[in-house]
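The values are calculated or read from the model by the stated rules, or taken from the named source; none is laboratory data. For clarity, every value in this text was computed on a predicted model and none was experimentally measured. Cβ coordinates were reconstructed from backbone atoms using ideal geometry, including for glycine residues, and neighbour counts include every protein chain displayed.
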Amino acid sequence: MKPFPETSLGHIMKLHRRKTSLALFSLAFLAVALALIMPGRKGDDGAVAAFAGNRFGVYSPGSLAEVPSSAAAAMLGALGLETLAEYEDYSLKIMTDLGVGWTRTDFPFDGWRFHEPEHLEATRLLGIEVVGTARPVNNFAPEDLSRFQEEFRQLIRRYPWIRAWQIGNEPNVRWDPSDYARLFTAGQQVVREECPDCRVLLAGVAARFPTPEGALAYYDDLLSEIQDARDDERAFDVFDMHYYGLSGADEEMLATLERYRQLLDAKGFSDSTGLWITETATTGGPVAPTGVPLQTEEQQAAELVRRFTTMLAAGADRVAWARPYENYRYHGIENGYYDHDAIIFNGLGAEAGLGIAAGTTKQAYRAYRTLIGKVDGFSSARRLAPGFYRFGFDDGRADVFVLWNAGAGVLPDQLQGTVLITDLEGEQRRLDAGVLEPGRVPVFVERV
């Protein structure tokens, strides 16, 4: 199934719930003011109160920076595209069709200047918020960081509408903690000077690298370094966790998030620090990545909904799936894990041999679109039991329950009589709650 047989104005307006006028997609949309978003907080009943805004995102749409040039050319060719600009436009359509509200975008720094995507203004005009990551391509900080600071200062000035800036990415993968702390402090100072109201994000932790315990120990050291260097009350506003791995990780993610929350508290960082997940993914499809067990499209789709639901109810302010479109030979590795963790097939390699066309959506793509359509705009999220969650709304909509079999047994008391069941494909049916038996694949349930 192709994701975009047609991109209608009515569909765009429905997905984004914004008053937007256009003749063609390529014409500029009216600018939409984005509300300043504050972290969600748990109430007395354990429910997490949502801040205003769409909390569902994607990471790195429209980027081919981490695949070889020959692989990038193959990806473009399979889609019938010729230029990176066309691929960026294609990615805008993906974000619009999904209904996401934000994206994390990397700005690579080569030691002299930042490299900037060309689709940023179009993203802004679509009403999709951009979170910028200042990302050095090297794994060390030079003794003199003045060049980095000056170029970063100019970058922030060029994009005054970007209101959240992250310094670096996954330092526990390849940075010495003292070295990254120097880079972070230098970048943080620039953001505070140029945009005092902007949020500062600490670089996301690769939560399973080299092991979960190793990642936690690294950030223990890193937070101590930052704590020693900070000269204000608030070194950063948002802590970011990245989580990959296989399906069935929702409870493990929950425990991991709690460990980092405890670490932040122990290091004296304010409990008002936001918790974001700007990268999470797992693989899915008929091709098994080298050295990784095969996971079906259904497994990936179910895991996407379980991870988003679990993290949002646990107090994560935002969650983003890592890349909507599959890489090809990511970092030069043929048929690796990161070639199969996106939610749209690239139609290359073994996929081509199976007759899968480039641009074919996976079940996880439709599941993400269904999830956003069902619970976007929620005002509270609560875990009732393992596998049983409830999203509440302030706009008159009925509660939406997300249910799967995680051993909880008895259905929530609120579900009585006839209920509306929506599966991950968006297909609906009605049945009596008394005969509802959740399986491993989540469903959305509403009282009628």
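Any idea which of Arg447, Arg397 is farther than 24 Å from Gln299 by Cα and in contact (Cβ under 8 Å) with a residue 40 or more places away in the chain? Working first, answer last.
Working: Arg397 fails: in contact (Cβ under 8 Å) with a residue 40 or more places away in the chain.
Result of the check over Arg447, Arg397: Arg447.
For residues that are of a type in the set (Asp, Glu) and free of Cβ contacts under 8 Å to residues at least 60 places away in the same chain, scanning just the range 311-356, find the one that is surrounded by the fewest Cβ atoms within 10 Å (Cβ to Cβ).
At the first step, the residues of the range 311-356 found to be of a type in the set (Asp, Glu) are 317, 326, 334, 339, 341, 351.
Those still in the list that are free of Cβ contacts under 8 Å to residues at least 60 places away in the same chain too: 326, 334, 339.
Details: Glu326: 24, Glu334: 13, Asp339: 27.
Out of the qualifying residues, it is Glu334.
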* Please state which of the following conditions Ala203 fails to meet, knowing it meets all the rest: (1) within 17 Å of the chain's Cα centre (by Cα); (2) within 17 Å of Met311 (Cα to Cα). => (2)
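Restricting attention to the range 267-290, report how many residues are surrounded by 24 or more Cβ atoms within 10 Å (Cβ to Cβ) and either at pLDDT below 95 or within 18 Å of the chain's Cα centre (by Cα) (or both). Working first, answer last.
Quick first cut of the range 267-290, residues surrounded by 24 or more Cβ atoms within 10 Å (Cβ to Cβ) only: 276-285.
Now drop any that are not either at pLDDT below 95 or within 18 Å of the chain's Cα centre (by Cα) (or both), which leaves 276-284.
Of the residues in the range 267-290, 9 are surrounded by 24 or more Cβ atoms within 10 Å (Cβ to Cβ) and either at pLDDT below 95 or within 18 Å of the chain's Cα centre (by Cα) (or both).
Every residue, every condition in (1) in the same structural domain as Gln166 (by TED's automatic domain parsing); (2) under 23 Å from Glu88 (Cα atoms); (3) assigned to a helix (DSSP H, G or I), yes or no:
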{"site": "Leu275", "(1), (2), (3)": "yes, no, no"}
{"site": "Val287", "(1), (2), (3)": "yes, no, no"}
{"site": "Glu298", "(1), (2), (3)": "yes, no, yes"}
{"site": "Gly315", "(1), (2), (3)": "yes, no, no"}
{"site": "Asn327", "(1), (2), (3)": "yes, yes, no"}
{"site": "Glu334", "(1), (2), (3)": "yes, no, no"}
{"site": "Asn346", "(1), (2), (3)": "yes, yes, no"}
{"site": "Ile356", "(1), (2), (3)": "yes, yes, no"}
* Of the residues Thr105, Thr83, Thr96, which is touching a strand residue (DSSP E or B) at 6+ places or on another chain (Cβ under 6 Å) and either farther than 27 Å from Gly187 by Cα or among the β-branched types (Val, Ile, Thr) (or both)? -> Thr105
* To do: Please state which one of Thr370, Thr418 is over 26 Å from the mean Cα position of the chain (by Cα) and of a type in the set (Ser, Thr, Tyr).
  => Thr418
* Just checking, which of Arg440, Arg366, Arg429, Arg397 is of a type in the set (Lys, Arg) and part of a strand (DSSP E or B)? -> Arg429
* Asked: Do any residues in the range 207-218 that are in the same structural domain as Tyr260 (by TED's automatic domain parsing) have Cβ atoms under 7 Å from those of residues that are of a type in the set (Lys, Arg) and surrounded by 13 or more Cβ atoms within 10 Å (Cβ to Cβ), where the two are at least six apart or on different chains, and which pairs are they?
  -> Ala215/Arg208; Leu216/Arg259
* Asked: Does the range 408-423 contain any residue that is touching a residue at least 60 places away in the same chain (Cβ under 8 Å) and out of contact with any Cys (no Cβ under 7 Å at 6 or more places or on another chain)?
  -> no
* To do: Using the structure shown, decide if Arg113 is farther than 30 Å from Pro212 by Cα and touching an Asp or Glu at 6+ places or on another chain (Cβ under 6 Å).
  => yes
* To do: Search the range 62-87 for residues that are in contact (Cβ under 8 Å) with a residue 60 or more places away in the chain and pair each with any residue that is charged (D, E, K, R) when their beta-carbon atoms are under 6 Å apart and the residues are at least 6 apart or on different chains.
  => Val67/Arg329; Pro68/Arg329; Ala71/Arg329
* To do: Being farther than 21 Å from Phe401 by Cα and of a type in the set (Val, Ile, Thr) is the filter here, so list the residues in the range 280-327 that pass it.
  => Thr280, Thr282, Thr283, Val287, Thr290, Val292, Thr296
* Asked: In the range 357-398, what residues are surrounded by fewer than 19 Cβ atoms within 10 Å (Cβ to Cβ) and among the β-branched types (Val, Ile, Thr)?
  -> Thr360
* Asked: Can you find even one residue in the range 180-192 that is of a type in the set (Ser, Thr, Tyr), buried (at least 23 other Cβ atoms within 10 Å of the Cβ) and closer than 19 Å to Thr273 by Cβ?
  -> yes
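Residue check: is Ala301 surrounded by 23 or more Cβ atoms within 10 Å (Cβ to Cβ) and within 14 Å of the chain's Cα centre (by Cα)? Steps first, answer last, please.
On the way: surrounded by 23 or more Cβ atoms within 10 Å (Cβ to Cβ): yes; within 14 Å of the chain's Cα centre (by Cα): no.
Here the answer is no, as Ala301 does not meet what is asked.
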* To do: Could you tell me whether any residue of the range 403-424 is crowded, with 20+ Cβ neighbours inside 10 Å, closer than 27 Å to Pro61 by Cα and of a type outside the set (Lys, Arg)?
  => yes
* **Of all residues in the range 100-131 being of a type in the set (Asp, Glu) and part of a strand (DSSP E or B), the one that is surrounded by the fewest Cβ atoms within 10 Å (Cβ to Cβ)** => Asp106
